[in-house]
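Asker: The structure is given below, and queries will be raised subsequently.
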There are 4 protein chains.
Amino acid sequence: MSDRPAPDPPARLTRWEQRTEVPLFAAGLLFLTGYAVRVLAPRDAEPWHDIALILVWSTWLLFLVDYATRLHLSGLGARFVPVRWLDTLVLLLPLLRPLRMVQVYLAVQRRRDRPRLNLYARVMAYAGLTAVLLGFAASLAVYHLERAAPGASIRTFGDSAWWACATLTTVGYGDAAPVTFWGRVVAAGLMAGGLALLGAVTGSFSSWLIQVFTREDEKRPPERD
Amino acid sequence: MSDRPAPDPPARLTRWEQRTEVPLFAAGLLFLTGYAVRVLAPRDAEPWHDIALILVWSTWLLFLVDYATRLHLSGLGARFVPVRWLDTLVLLLPLLRPLRMVQVYLAVQRRRDRPRLNLYARVMAYAGLTAVLLGFAASLAVYHLERAAPGASIRTFGDSAWWACATLTTVGYGDAAPVTFWGRVVAAGLMAGGLALLGAVTGSFSSWLIQVFTREDEKRPPERD
Amino acid sequence: MSDRPAPDPPARLTRWEQRTEVPLFAAGLLFLTGYAVRVLAPRDAEPWHDIALILVWSTWLLFLVDYATRLHLSGLGARFVPVRWLDTLVLLLPLLRPLRMVQVYLAVQRRRDRPRLNLYARVMAYAGLTAVLLGFAASLAVYHLERAAPGASIRTFGDSAWWACATLTTVGYGDAAPVTFWGRVVAAGLMAGGLALLGAVTGSFSSWLIQVFTREDEKRPPERD
Amino acid sequence: MSDRPAPDPPARLTRWEQRTEVPLFAAGLLFLTGYAVRVLAPRDAEPWHDIALILVWSTWLLFLVDYATRLHLSGLGARFVPVRWLDTLVLLLPLLRPLRMVQVYLAVQRRRDRPRLNLYARVMAYAGLTAVLLGFAASLAVYHLERAAPGASIRTFGDSAWWACATLTTVGYGDAAPVTFWGRVVAAGLMAGGLALLGAVTGSFSSWLIQVFTREDEKRPPERD
């Protein structure tokens with residue numbers, strides 16, 4: 001976010017990132033699937049739990065290898081960590097991995113030479129998709145942390161998803177809310193991260209609506225009839 | 001929302017849309033009335049329930065015929081579905097039909113050659129009216145889905161309308177909240193759709209207030225007294 | 001809110017409004033005081049209840065006379081009602097009378113030739129003050145309507161003020177919420193009116209903060225040290 | 001917030017403020033630490049309670065001396081109080097002292113000649129940091145006021161911090177909420193002050209996101225592929 005734009009990455013790094021885009025997209029999907037299976041599968045579905053665990057750890061290892069390679073190729077040394085802070089955060093909290101998926105989705109769309117969405121629509125798509133993924137990840141994590149807690153109001157994944165909806169939109173009914181320490185930490189993260197994203201969606205929608213009405217004004221000749 | 005504006009519709013389609021405007025406005029009112037009667041009438045008001053059901057289905061058939069005709073006249077073929085995505089959504093979820101009513105209302109107002117509202121006022125009118133209709137439709141649907149659920153906190157249509165107010169404004173007291181799966185799905189839709197609209201109203205109001213104060217500055221000569 | 005600004009009021013109307021400014025300000029204060037006493041005084045404080053009632057009705061009569069005079073002086077006839085819609089609303093719902101007080105306050109401040117506040121500060125002052133008055137009026141009305149209701153969670157004026165704070169800021173804890181029909185109608189009005197005002201305050205504050213930081217950038221010479 | 005910028009402070013005042021920056025930063029930290037210890041330490045940790053109390057009062061005395069000196073050096077006399085309203089507020093409500101810390105933090109960062117953050121990032125950093133400090137101070141104060149109240153839902157500092165998160169983001173679950181008069185006054189202050197700050201963060205984030213997407217548009221050559 002500095003005023004001077006980050007230096008252009010070297011060509012090798014760009015090539016690496018273009019080549020690993022599709023495999024990492026698949027790995028991201030596998031990681032999320034693995035975590036979801038581990039959290040949502042019934043406890044006695046024994047083989048699935050182990051498979052999911054292996055999936056989660058092996059994809060995370062893949063992310064680690066990718067991060068290390070990019071750090072090396074960038075030639076930035078330790079400065080890579082703050083400059084690419086989103087990538088770093090995603091490595092440490094792998095449930096935020098889906099955030100990178102959004103970038104990949106946008107890149108794929110760009111490559112297909114689709115008629116490009118306008119500015120507001122892209123901000124809305126980016127922020128909305130990120131908010132949905134963040135909400136899904138938080139639902140999984142909170143359900144994981146809360147389901148066995150005494151006195152919990154979040155007892156099923158449905159409750160957890162409902163709680164995430166009410167939290168992201170700041171409605172906050174309070175019929176379902178985390179009661180454990182770690183559940184509340186995840187919830188605070190969801191509030192902090194998600195509200196800004198939702199704010200961006202709402203702001204873009206409002207700007208877009210004003211743009212639509214302005215354009216309509218310009219199209220119509222001066223009122224006569 | 002693409003950068004290139006949608007191609008201008010052919011003259012036949014425009015003519016069709018101008019002619020069907022008033023009948024479809026009446027049909028939209030009938031549909032909403034029919035659904036409201038079906039949901040709100042006491043269970044033993046036998047003839048009314050059946051009449052309302054017939055009304056709902058026959059008006060929906062009308063919407064289907066109108067949609068098919070416009071798809072044919074547009075000459076776009078299957079591209080009609082994404083280009084006119086709002087019309088398509090309205091056909092599939094007929095309770096969102098009121099959204100088209102807003103367009104009709106604006107068209108009627110335009111035809112009467114009233115002194116036009118300024119930009120912010122039109123955005124506020126459009127978004128506010130859409131939000132009210134969305135809230136009313138969601139109130140009906142949630143009351144329909146919740147009233148017989150065990151442990152429901154929404155037991156009367158008054159509760160449901162109160163819940164919709166508190167949800168649309170993101171206040172979310174939690175004294176009334178849906179407990180069934182489908183009630184919560186409708187609620188999530190109301191949050192997602194309604195908040196953006198309310199955000200547009202609030203944003204426009206704020207911009208309009210700043211405009212009013214700026215204009216006042218320009219009117220007054222430099223302070224002397 | 002039309003594009004063409006409302007026609008300038010005739011000189012007689014302007015003179016009338018300038019002369020009645022201070023007396024009506026006093027009457028507005030008396031009305032609010034009278035209503036507050038009627039609602040907040042203990043039931044057995046007999047003389048005060050009657051005095052407050054007389055105060056409320058006589059000041060309202062004053063407002064009616066003022067409105068009729070201005071309607072006559074404006075030369076607009078029935079068009080006065082929509083053009084001065086805020087004045088009309090204030091006449092019908094006299095508890096919204098405080099809204100005019102804000103205009104008077106701004107006019108008084110203007111006359112004293114104080115160094116004028118900048119645009120954002122004036123929007124914040126106007127919207128913030130209106131929101132506070134709206135919240136106070138709604139607290140009084142809701143306390144009036146709810147205190148005797150069975151199963152009410154708003155039992156004291158303190159509860160009512162606390163509920164108004166939580167509602168205006170959209171926090172909505174739900175520990176206090178109206179349960180009667182009319183209490184909920186007032187609450188819905190407070191949500192609809194107050195949130196837009198609060199949105200204006202927040203939006204102006206955000207714009208002002210950005211302005212402050214921009215100015216600071218311009219003041220400082222290009223970084224050297 | 002007046003249109004005419006405040007007159008430049010005299011050189012002596014500027015020198016005083018530059019010299020006292022670091023000691024006052026340390027004093028601010030000590031004050032907050034002292035208050036936190038006094039509130040959070042168990043009741044029987046006798047020596048610590050007294051030490052914390054002495055710390056709190058002696059640092060506040062320091063703030064008072066600093067304020068008086070600056071008032072004297074400014075040559076503004078009584079006009080110092082409204083012109084430097086933030087400093088005055090901070091003196092009267094010493095728990096808001098952290099707000100000055102933010103200015104110091106920004107000044108320190110400036111001195112180090114770091115590559116400066118852009119406008120939105122600085123607004124986000126300033127408002128976000130202020131919101132966090134405000135939330136922390138309010139958590140401490142509310143926990144202090146509520147922990148012994150009968151029927152309180154805030155019983156531990158964890159509850160209080162959780163309540164502050166839910167309040168600042170306007171989620172407002174209502175599972176924890178102040179019940180005492182002074183607790184509610186602090187809560188109303190947190191809502192009023194904190195929401196505007198959070199609004200500034202959200203607004204800046206939204207503007208920054210739009211800027212990022214706009215820049216990306218400019219970088220890419222006109223679509224061809």
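The values are calculated or read from the model by the stated rules, or taken from the named source; none is laboratory data. Keep in mind that what you see is a predicted model, and the values were worked out from it rather than measured. Cβ: placed from backbone, ideal geometry, glycine included. Neighbour counts: every protein chain shown.
Asker: Has the stretch D:46-64 got at least one residue that is farther than 30 Å from D:Gly158 by Cα and without any contact (Cβ under 8 Å) to a residue 12 or more places away in the chain?
Answerer: yes
Asker: Specify which of the listed residues (D:Ala121, D:Ala196, D:Ala138, D:Ala107) is of a type outside the set (D, E, K, R) and at pLDDT 80 or above.
Answerer: Only one candidate passes the filter, namely D:Ala138.
Asker: Say we look at the stretch D:22-45 and pick out the residues that are hydrophobic (A, V, I, L, M, F, W, C) and part of a loop (DSSP other than H, G, I, E, B); which of these is nearest to the chain's Cα centre (by Cα)? Quick ask: steps written out before the conclusion?
Answerer: Here is the first cut: in the stretch D:22-45, the residues hydrophobic (A, V, I, L, M, F, W, C) are D:22, D:24-27, D:29-32, D:36-37, D:39-41, D:45.
Those left that are additionally part of a loop (DSSP other than H, G, I, E, B): D:41, D:45.
Values: D:Ala41: 23, D:Ala45: 29 Å.
Here the residue is D:Ala41.
Asker: Moving on to the next point. Taking the stretch C:138-168, which residues are within 14 Å of chain D (Cβ to nearest Cβ), among the small types (Gly, Ala, Ser) and more than 23 Å from the chain's Cα centre (by Cα)? Before the answer, list the steps.
Answerer: Here is the first cut: in the stretch C:138-168, the ones within 14 Å of chain D (Cβ to nearest Cβ) are C:139, C:153-168.
Now narrow it down to the ones that are among the small types (Gly, Ala, Ser): C:139, C:153, C:158, C:160-161, C:164, C:166.
C:Ser153 - this is the single residue of the stretch C:138-168 that is within 14 Å of chain D (Cβ to nearest Cβ), among the small types (Gly, Ala, Ser) and more than 23 Å from the chain's Cα centre (by Cα).
Asker: Something else: Suppose we filter C:Val90, C:Val65, C:Val81 for residues that are in contact with a Lys or Arg (Cβ under 8 Å, 6 or more places away or on another chain), assigned by TED's automatic domain parsing to the domain that holds C:Leu30 and not hydroxyl-bearing (Ser, Thr, Tyr); which single one remains?
Answerer: Result: C:Val90 is the single residue among C:Val90, C:Val65, C:Val81 that is in contact with a Lys or Arg (Cβ under 8 Å, 6 or more places away or on another chain), assigned by TED's automatic domain parsing to the domain that holds C:Leu30 and not hydroxyl-bearing (Ser, Thr, Tyr).
Asker: Considering only the stretch D:207-225, state which residues are assigned to a loop (DSSP other than H, G, I, E, B) and either modelled with pLDDT of 75 or more or facing chain A (nearest Cβ under 8 Å) (or both). Lay out the reasoning, then the answer.
Answerer: In the first step, residues of the stretch D:207-225 are kept if they are assigned to a loop (DSSP other than H, G, I, E, B); the result is D:220-225.
Passing the criteria: D:Glu223, D:Asp225.
Asker: For the stretch C:65-74, give me the residue count where each residue is out of contact with any helix residue (DSSP H, G or I) (no Cβ under 8 Å at 6 or more places or on another chain) and in contact (Cβ under 8 Å) with a residue 40 or more places away in the chain. Give the derivation first.
Answerer: Of all residues in the stretch C:65-74, those out of contact with any helix residue (DSSP H, G or I) (no Cβ under 8 Å at 6 or more places or on another chain) come to C:65, C:68, C:72.
Checking the rest, the ones that are also in contact (Cβ under 8 Å) with a residue 40 or more places away in the chain come to none.
Looking only at that region, the number is 0.
Asker: Being of a type in the set (A, V, I, L, M) and closer than 25 Å to A:Ala131 by Cβ narrows it down to one residue among A:Leu55, A:Leu93; which is it?
Answerer: Numbers: A:Leu55 fails: closer than 25 Å to A:Ala131 by Cβ.
Just one listed residue meets the conditions, A:Leu93.
Asker: Here is a follow-up. Name the pairs whose Cβ atoms lie under 6 Å apart, with the first residue in the stretch B:172-195 and over 22 Å from C:Thr169 (Cβ atoms) and of a type outside the set (A, V, I, L, M), the second modelled with pLDDT under 95 and surrounded by fewer than 21 Cβ atoms within 10 Å (Cβ to Cβ), and 6 or more positions between them or separate chains?
Answerer: Pairs that qualify, where the first residue is over 22 Å from C:Thr169 (Cβ atoms) and of a type outside the set (A, V, I, L, M) and the partner is modelled with pLDDT under 95 and surrounded by fewer than 21 Cβ atoms within 10 Å (Cβ to Cβ), are B:Thr180/B:Ala149.
Asker: Then there's this: Give the residue that is farthest from the other protein chains (Cβ to nearest Cβ), with candidates limited to residues of the stretch D:169-206 that are more than 19 Å from the chain's Cα centre (by Cα), of a type in the set (A, V, I, L, M, F, W, C) and surrounded by fewer than 24 Cβ atoms within 10 Å (Cβ to Cβ).
Answerer: D:Trp182
Asker: Right, here's the next one. Could you check A:Gly151 against (1) at pLDDT below 90; (2) over 30 Å from A:Glu17 (Cβ atoms); (3) crowded, with 16+ Cβ neighbours inside 10 Å; (4) of a type outside the set (A, V, I, L, M, F, W, C) and say which number it fails?
Answerer: Only one criterion is unmet by A:Gly151, namely (3).
Asker: When residues of the stretch B:150-168 are filtered for being aromatic (Phe, Trp, Tyr) and closer than 16 Å to C:Trp182 by Cβ, how many remain?
Answerer: The first filter runs over the stretch B:150-168 and keeps only residues aromatic (Phe, Trp, Tyr), leaving B:157, B:162-163.
Of the ones still in play, those that are also closer than 16 Å to C:Trp182 by Cβ are B:162.
Residues flagged as aromatic (Phe, Trp, Tyr) and closer than 16 Å to C:Trp182 by Cβ within the stretch B:150-168 amount to 1.
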